[in-house]
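This report concerns only the one structure given below.
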Amino acid sequence: MATASADQTVKLWSLDGEEFPALVGHQSGVASVSFSPDGKTIATADLAGRLILWNFNLDDLLQRGCGWVENYLRTNPEIHSDRDRSLSSRKLIHWYT
């Protein structure tokens, strides 16, 4: 879930209410936020008319921290089994089986 904010940020939330680090980059209040159908891109628009496309691939998630990676591993439909998911000591291991 994502929320647009007058403080120029986009806040992201897991379905269980955990707040993730805010997306920062707009120079005026954020008026609109929308997910792409595959959930990998978020489009945001601010009151000045600026549009930002936020791409969420695995590399981006790793840079944002373990909380993001854990959520990615839990919710990514391309990872089909719990045994394919492991996170320890800030290292991600993804086995292709």
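The values are calculated or read from the model by the stated rules, or taken from the named source; none is laboratory data. It should be emphasised that the depicted structure is a prediction, and the values quoted were computed from it without experimental measurement. As a convention, Cβ positions derive from the backbone with ideal geometry for all residues, glycine included, and neighbour counts pool all protein chains shown.
Filter region 23-49 down to the residues that are out of contact with any Phe, Trp or Tyr (no Cβ under 9 Å at 6 or more places or on another chain) and loosely packed, with under 14 Cβ neighbours inside 10 Å and list them by number.
Result: Val24, Gln27, Ser28, Ser32, Ser34, Ser36, Pro37, Asp38, Ala48, Gly49.
Of the residues Asp60, Asp16, Asp7, which single one is modelled with pLDDT under 85 and in a loop (DSSP other than H, G, I, E, B)?
Numbers: Asp60 fails: in a loop (DSSP other than H, G, I, E, B); Asp7 fails: modelled with pLDDT under 85.
Criteria check complete, one pass: Asp16.
So which residues in region 19-30 are modelled with pLDDT of 90 or more and among the small types (Gly, Ala, Ser)?
Residues satisfying the conditions are Ser28, Gly29.
Every residue in region 14-33 that is out of contact with any helix residue (DSSP H, G or I) (no Cβ under 9 Å at 6 or more places or on another chain) and under 19 Å from Pro77 (Cβ atoms), please.
Quick first cut of region 14-33, residues out of contact with any helix residue (DSSP H, G or I) (no Cβ under 9 Å at 6 or more places or on another chain) only: 16-17, 19, 22-33.
Asp16, the sole residue that qualifies.
For region 2-22, give me each residue that is among the aliphatic types (A, V, I, L, M) and surrounded by 11 or more Cβ atoms within 10 Å (Cβ to Cβ).
Matches in region 2-22: Ala2, Ala4, Ala6, Val10, Leu12, Ala22.
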